[in-house]
Every structure is written in C-alpha cells, then in structure tokens.
Amino acid sequence: MSIKSNTENPLKNWQVNREEIQFLGKDLQRPECILTEPNGTVWTADARGGVVKLNHDGLQKIITPYSENDLNNFEKLSNLENRYVLAQGSLPNGLCFDKNGNFIIANWGTDHLETMTRDGKMTTILTEIDGKPMGKTNFPLRDSKGRIWFTVTTRTNPWTEQLNTRATDGYIALIDENGVRIVAEGFCGTNEIRFDDNEEWLYVVESTAHKISRLRVKPNGDLYDREVYANVSGFPDGFAFDTFGNLWVTLIFTDQLIAITPEGEELMLLDDSNAESKKMLFEHYQNRTLTGEILGSVQGTLCPWMASLSFGGKDMKTVYLGSLRGTRVPFFQSPVAGQKMIHWR
C-alpha cells in the first residue's frame with residue numbers, strides 16, 4: 001500500500017462512536033459480504049440464494065434465481081445447526097463484480113463458484129478443481145486484468161472440525177485465460193483476500209490461525225515469497241485497506257473491528273464482545289474443543305458474527321459492516337477513506 005509519510009495516522013486515538021452507528025436494510029438473511037458502488041448502491045449477500053440491493057432512500061430488493069417455494073424451503077433451514085454449522089441450502093458468502101458488473105459468488109452452502117446477473121440469472125462456474133470437490137468456497141476477487149481469484153477455506157467436512165484440527169487444507173485458486181488452477185495452498189482457514197494498490201502483494205486472511213499472510217504476485221498469477229503480515233487477537237474474517245495504509249479487520253465471533261497500522265500495531269476500533277463468552281471461546285479454541293453450540297453462544301449485539309467491511313459513500317469514508325447472523329447492515333463514518341476496489345477505478 002502507498003502510505004502517507006510524515007503525517008499522523010488518522011486512526012490513532014480514534015474509535016467508532018456507537019451512538020453514531022446507523023443501519024441499512026431490514027430482515028436480511030446472512031448479509032456476510034457487502035459491495036458498494038459509486039452511485040451509492042449497496043449490495044449484500046443473502047441466504048436466500050442471491051443478493052439484496054439496498055440504497056439510503058429505503059429501496060430494498062432481493063435478487064435470486066430461486067422460486068418462492070424454494071425460498072420457503074430455505075426458511076425451514078434457518079436455524080443455527082442447519083444454516084451455520086451444516087451450511088445447508090444456497091449460502092452466498094463472498095461477492096465481487098465481474099468486468100460486466102455481474103456478481104461472482106462464492107457459495108458456502110453448495111461449495112460452488114457461481115455467477116449471477118443483476119436480474120437473477122444464475123450460472124455455476126465451478127463445482128470441482130483438479131477432479132475433486134472444491135471444499136468451502138469463501139471469497140472471490142477480480143484483479144485489473146479481469147482475472148478471478150478465489151479462496152477455499154477448508155476441504156474438511158463439516159467445516160467446523162477444522163477449527164479444532166487446524167488443518168492447513170485451505171487454498172487460493174485463479175481463473176484466467178488458461179483455465180483454473182490452484183496458485184497457493186497450505187492455509188489455515190483461508191478467508192478474504194485483497195491486493196495492494198499495485199497488485200504486487202496478495203493479502204490473505206487465515207481465520208483459524210489468527211493471522212494475515214501475504215504473497216508476492218507474478219504477472220502470470222503465480223504467488224511466491226509467502227510471509228506473515230500480522231498476527232491478530234482473534235478470528236479474522238474480512239478486511240480492507242484504507243488510503244493511509246491501515247488494514248481494517250473484522251474479528252468474527254467476538255465481534256470486534258481492529259486495524260493493523262503500517263508499523264504492525266493493532267488498534268481496537270469497535271469492541272462489541274462479551275468478556276465472559278469471549279473467555280470461554282478462547283479456552284475452547286486453545287483446548288481444541290470448539291463446537292457449533294459454543295460458537296452459537298458467542299455474539300455481539302450490533303453486528304452479530306461480524307464478518308466483513310466495505311468502504312463506500314461519495315468520499316469512500318462510509319464503512320459498512322457485514323455479518324452472518326445480523327438482519328441489517330451497520331454503517332458509520334471513518335476519518336480516512338478506504339482503498340478503492342477494482343470496480344470503483
């Protein structure tokens with residue numbers, strides 16, 4: 001990232017004012033990933049098999065290829081065990097736009113990579129890689145060359161076992177003019193990925209290892225020189241750079257928002273955790289005894305199972321938070337603008 005030298009970090013001594021947090025949308029289902037557009041439109045992933053279109057004038061529209069009968073069946077799956085542990089149904093997770101403005105969807109429920117037009121026409125892109133089921137597809141990302149990168153968290157089934165085994169079976173794959181291939185593997189709970197401004201480094205969340213890694217990017221998409229960028233104080237899920245060079249990170253389960261400064265310092269920006277349940281969570285993590293029931297008992301009140309963040313607004317200073325168990329999208333103003341994703345440039 002390009003860093004503004006000789007200036008004070010705008011996040012030092014700054015935290016989100018809870019009283020200034022506003023909310024967008026209502027009755028959303030698993031709004032895990034948020035995409036913003038320059039015209040002010042906000043999109044969220046939705047557990048009804050598609051996305052929800054939102055704007056600040058009150059518009060809310062579900063876009064999905066599924067029928068009303070299908071949606072009723074999805075509703076029957078909407079309990080903790082089915083939806084969040086067994087991951088049943090169609091569960092759009094990470095989103096990005098392709099070069100035509102359609103959605104690339106990493107589907108946590110079907111374990112597929114999909115594409116959907118803005119009017120709800122769905123096509124499955126990938127169901128397997130190297131002749132094997134892909135595993136828990138998590139997050140897609142488009143680069144400046146139009147290539148699609150995506151992560152798979154784990155091939156462990158059920159995925160919750162990986163929280164205890166710490167299996168390093170996560171990977172990153174790339175779709176380009178030559179097809180699809182795995183470009184890096186051996187990650188512990190691969191989650192979101194982001195580039196720096198020049199696409200020289202690819203940053204990778206390793207949720208179960210509590211760290212952010214990064215790899216250098218060759219012009220052909222090969223990755224090398226893997227290193228740990230930062231260790232963090234919880235389960236990182238989503239992240240985004242700001243224009244100063246801070247890396248904002250959501251910590252799922254404990255529902256905290258932190259920032260890693262260019263110097264490597266961790267700043268707490270928003271803490272919606274519960275001290276007692278947080279202590280229990282980390283005790284079970286250390287003992288490798290986490291269960292779906294334990295995870296289900298840990299959540300905050302503002303953005304339960306805080307999973308992602310996205311910068312938007314006309315000045316890129318509005319921060320939107322995605323979650324797995326929330327029903328609306330919290331947002332607030334940042335003192336520094338966010339890095340523009342490729343569809344903003």
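The values are calculated or read from the model by the stated rules, or taken from the named source; none is laboratory data. What you are looking at is a predicted structure, and each value in this text was computed from that prediction instead of being measured. Backbone-built Cβ (ideal geometry, glycine too); neighbour counts: all protein chains shown.
Some values worked out for this structure:
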quantity	calculated
Residue match in region 261-270 (condition: among the hydrophobic types (A, V, I, L, M, F, W, C) and touching an Asp or Glu at 6+ places or on another chain (Cβ under 6 Å))	no
Every residue from region 149-171 that is surrounded by fewer than 22 Cβ atoms within 10 Å (Cβ to Cβ) and either of a type in the set (Val, Ile, Thr) or in a loop (DSSP other than H, G, I, E, B) (or both)	ARG155, THR156, ASN157, PRO158, THR160, THR165, ARG166, ALA167, THR168, ASP169
One residue from LEU35, LEU91, LEU95, LEU59 being at pLDDT below 95, within 21 Å of TYR320 (Cα to Cα) and under 17 Å from the mean Cα position of the chain (by Cα)	LEU91
Candidate set: region 187-220, residues that are more than 17 Å from the chain's Cα centre (by Cα) and surrounded by fewer than 18 Cβ atoms within 10 Å (Cβ to Cβ); chosen: the one nearest to LEU309 (Cα to Cα)	ASP197
Number of the condition not met by ASN274 [criteria: (1) modelled with pLDDT of 95 or more; (2) among the polar types (S, T, N, Q); (3) more than 16 Å from THR160 (Cβ to Cβ); (4) more than 21 Å from the chain's Cα centre (by Cα)]	(1)
Region 161-172: number of residues that are in contact (Cβ under 8 Å) with a residue 40 or more places away in the chain and under 17 Å from the mean Cα position of the chain (by Cα)	1
Count of region 293-317 residues which are free of Cβ contacts under 8 Å to residues at least 24 places away in the same chain and either in a strand (DSSP E or B) or of a type in the set (Lys, Arg) (or both)	1
Whichever residue in region 102-124 is over 20 Å from the mean Cα position of the chain (by Cα) and among the β-branched types (Val, Ile, Thr) and, among such residues, is surrounded by the fewest Cβ atoms within 10 Å (Cβ to Cβ)	THR123
Subset tally (residues that are more than 20 Å from the chain's Cα centre (by Cα) and outside any loop (DSSP other than H, G, I, E, B)) for region 12-32	4
Residues of region 122-148 classified as free of Cβ contacts under 8 Å to residues at least 60 places away in the same chain and in a loop (DSSP other than H, G, I, E, B), total	8
Residues being under 20 Å from the mean Cα position of the chain (by Cα) and within 21 Å of THR168 (Cα to Cα) - total across region 125-149	8
Identity of the residue in region 1-32, among the β-branched types (Val, Ile, Thr) and either modelled with pLDDT under 95 or in contact with a Pro (Cβ under 8 Å, 6 or more places away or on another chain) (or both), that ends up nearest to ARG214 (Cα to Cα)	ILE3
Only one of ARG166, ARG147 that is touching a helix residue (DSSP H, G or I) at 6+ places or on another chain (Cβ under 7 Å) and of a type outside the set (S, T, N, Q)	ARG166
